[in-house]
Amino acid sequence: MGARLRLSAAWAPITVVVALTLSACQSMPAHDRSLYRALGEREGIAELTETLLLTVAGDKRIAGDFRRVDIDRLHRMLTDYICVIADGPCEYTGDSMLNAHRGQQISSADFNALVEDLVLSMEEHGLPTATQNRLLARLARDRRAIVDAPAPPSPELRQLILGDLPLSRYSAPRDVRGL
Amino acid sequence: MNSVSNRYRYYPAWAFALLLTVATIAQANGSRLWATGGVTNVNGTAGGGITTWAVLNGYASDSESTLNLSTSTARVDDFNLQTLSVGFNWANRLAVTVAHNRLDVKPLAIDIRQQTVGLKLRLAGEALYDRFGQYSVGMQYTHNADFGVPALLGAVDNHGVDFYFAASKVFLAAIANRNVIVNATARATRANQLGLLGFGSANDNSYELVGEFGAGLFLNRRWLIGAEYREKPDKLDSVTEDDWKTLYLVYVPSRALAFTLAYVDLGRVAGFDDQTGYFLSLQTGF
């Protein structure tokens, strides 16, 4: 008897995956503020971001990466960024996630450590699992732009491509919302 | 073939107690998100209770390495299956696992023991963050140390190698804003009941492609409920081998510890019908 193929039950997980992928692709209403409100609006997000930065400062795995950072500016930028990600009425004026992390050699382990600190911070603020997961799902899209982000192009290359534009103009607007 | 009173027999309660002690002093390593490393299955590799997942055991990420110890017991009507295993995860790229199974055949008062060495290589992707999930290939070499009964039942070999391809994906905030993990594995195997009844048979000794499927819902970051289905090759003429099914509950209080409790339905095993019961496992990691 030759080899038989018995993947008869394969339809079950395939159906689940297709259903989940389709539901993930459903476009959200443009101004669904439910996540923003669940996070406690801009004030709640600012408090969450503060807790996150304090947690990171005590996390020896990644604290060193933030040593020479202007913490007040980072707090403001991160708050605005999360606010925008949560469809809140904020404006994010910082670099794209890609440009903000270029050449910093951030490993998967570094990224995971930050995610863990964020989860612990959200727990500390008593945010329900559903709210945590919704925010994580949106922030997770940025991972590709953060982990092992390529070094910035050399000044010569940049000039060749962009002429005399300053570096900040290098940020493509679509990058503000991740990918 | 060994008598159940064999002095080499270990008692699962001791293994559980020892691992629990280790877990309380263990400093868990690795940074991947809690519970996303799965638990240790009956083959000794990361998965559910009976299926193999594409994720690698433990929580190691690209710059980390982790070690896992695990013990489990599956108790169904006429059998107990005890498993002890150790797994090393290098940089979330390659996992090396060693497992020892002991099947107590209660009506015959005999034990059948086997050892499995497994390799799992993550080919591409990351289950959580890549849109299309994570893909791994693996192989398992199993040597059956008590080949008497398997030979009587018609098995040809006391050792064999399985090859598999596995895919896993975690969907964040997918169902009721809970995270969901979905796994599918295609396995080429000649193993009868994991190899406990040997490999192949005189009439059907070729590799067979079987599937393993499962899905789990993370209630929160500590609790996971799910179901699994593992197709079996059913090569022996003398006894029927049914597909395996479980419903499981995993509790992950920390990266150092995971408990799994499952209801298992193994169907017909070695001539005994309707083998249902429970599966309990404990895993610790460093």
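What FRET efficiency would be calculated for the residue pair A:His125, A:Val69, taking the C-beta separation as r and a Förster radius of 25 Å, to the nearest 0.05?
It comes to 0.65.
Within 10 Å of each Cβ in peptide A:128-136, how many partner chain Cβ atoms are there on average? Round it to a whole number, please.
That average works out to 5.
Please work out the ratio of the alpha-carbon Rg of the protein assembly as shown to 2.2 N^0.38 Å and round it to two decimals.
1.09
Past the 20 angstrom mark, what percentage of all C-alpha to C-alpha distances in the stretch B:24-108 do you count?
Above the 20 Å cut-off, the stretch B:24-108 has 36 percent of its Cα pairs.
Placing unit charges on C-beta atoms (Lys and Arg positive, Asp and Glu negative, everything else neutral), compute the dipole magnitude of the stretch A:33-166 about its Cα centre in debye, rounded to 20.
Here the size comes out at about 300 debye.
Within a 10 angstrom radius of each residue's Cβ in B:51-64, how many Cβ atoms of other chains show up on average? Whole number is fine.
2
Out of the stretch A:49-114, which trypsin sites (Lys or Arg not before Pro) are coil in DSSP terms and have no more than 11 other C-beta atoms within 10 Å?
Details: sites: A:Lys60, A:Arg61, A:Arg67, A:Arg68, A:Arg73, A:Arg76, A:Arg102; in loops: A:Lys60, A:Arg61, A:Arg67, A:Arg68, A:Arg102.
Taking the stretch A:49-114 and a limit of 11 other Cβ atoms within 10 Å, the loop trypsin sites (Lys or Arg not before Pro) found are A:Lys60, A:Arg67, A:Arg68.
Mean residue ellipticity at 222 nm from the helices of the protein assembly as shown, using -39,500 (n - 2.57) per DSSP H segment of n ≥ 4 over the full residue count, to the nearest 500 deg cm²/dmol? It would help to have the intermediate numbers written out before the result.
Details: 11 runs with 117 residues, N = 465.
After summing the helix terms and dividing by the residues of the protein assembly as shown, the value is -7500 deg cm²/dmol.
Mind checking B:207-220 for the average number of partner chain beta-carbons within 10 Å of each residue's beta-carbon?
The mean count of partner-chain Cβ atoms within 10 Å per residue comes to 4.
How large is the convex hull of the Cα atoms of the stretch A:72-114 per residue, expressed in Å³ as a whole number?
88
I need the Kirkwood Rh of the stretch A:33-166: take the reciprocal of the average 1/r across all distinct C-alpha pairs and report it in angstrom. Each step should come with its number before you reach the end.
On the way: mean 1/r = 0.0631 Å⁻¹.
This gives a value of 15.9 Å.
Hey, what D do you get for the stretch A:40-107 in µm²/s if you plug the Kirkwood alpha-carbon radius into Stokes-Einstein at 10 °C and 1.306 mPa s?
124
Which of B:Met139, A:Met97 has the fewest other C-beta atoms within 10 Å, and how do the rest follow up to the most?
The fewest-first ordering by Cβ neighbours comes to B:Met139, A:Met97.
Rounded to whole Å and sorted largest first, list the principal axis extents of the Cα atoms in chain B.
Projected onto the principal axes, the Cα atoms of chain B cover 50, 38, 33 Å.
Would you mind checking the tilt of helix B:12-25 against the longest principal axis of the Cα atoms of chain B, expressed as 0 to 90 degrees and rounded to 10?
The two axes meet at around 20 degrees.
Positive end of the dipole of the stretch B:2-285, charges at C-beta (+1 Lys, Arg; -1 Asp, Glu), about the Cα centre: which of B:Ser31, B:Leu81, B:Ala54 has its Cα farthest in that direction?
So the residue we want is B:Ser31.
Determine, for A:His101, A:His125, the number of other Cβ atoms within 10 Å of each Cβ, and report the residues in order from fewest to most. Could you put the intermediate results ahead of the total?
Working: A:His101 20, A:His125 16.
By the 10 Å Cβ count, ascending, the order reads A:His125, A:His101.
Would you list, by chain and number, the lysines whose Cα falls below 22 Å from the Cα of B:Lys235, excluding same-chain residues fewer than 8 positions away?
Once the sequence-local lysines are set aside, what remains near B:Lys235 is B:Lys245.
Which whole-angstrom value gives the distance between the alpha carbon centres of the stretch B:197-225 and the stretch B:136-161?
17
How much length would be gained if the chain were fully extended between B:Leu280 and B:Val86, taking 0.36 nm per residue of separation minus their Cα-Cα distance, in nm to one decimal?
Additional length available on full extension: 68.2 nm.
Hey, got a sec? Which trypsin sites (Lys or Arg not before Pro) in the stretch A:107-159 land in a DSSP loop and have at most 11 other Cβ atoms within 10 Å?
Here no loop site has a sparse enough neighbourhood.
How would you rank A:115-122, B:28-35, highest first, on the average number of other Cβ atoms within 10 Å across their residues?
B:28-35, A:115-122
Grab the beta carbon distance between B:Lys106 and B:His159, set R0 = 22 Å, and tell me the FRET efficiency rounded to 0.05.
0.30
Given the Cα-Cα distance of B:Ala17 and B:Asp130 and 0.36 nm per residue of separation, how much length would full extension add, in nm?
Extra length from B:Ala17 to B:Asp130 when fully extended: 36.9 nm.
Every number here is computed from the coordinates shown, using simple stated rules; none is lab data. All values reported here derive from a predicted model rather than from experimental measurement. Positions of Cβ are generated from backbone atoms using ideal geometry, with glycine treated the same way; all protein chains shown enter the neighbour counts.
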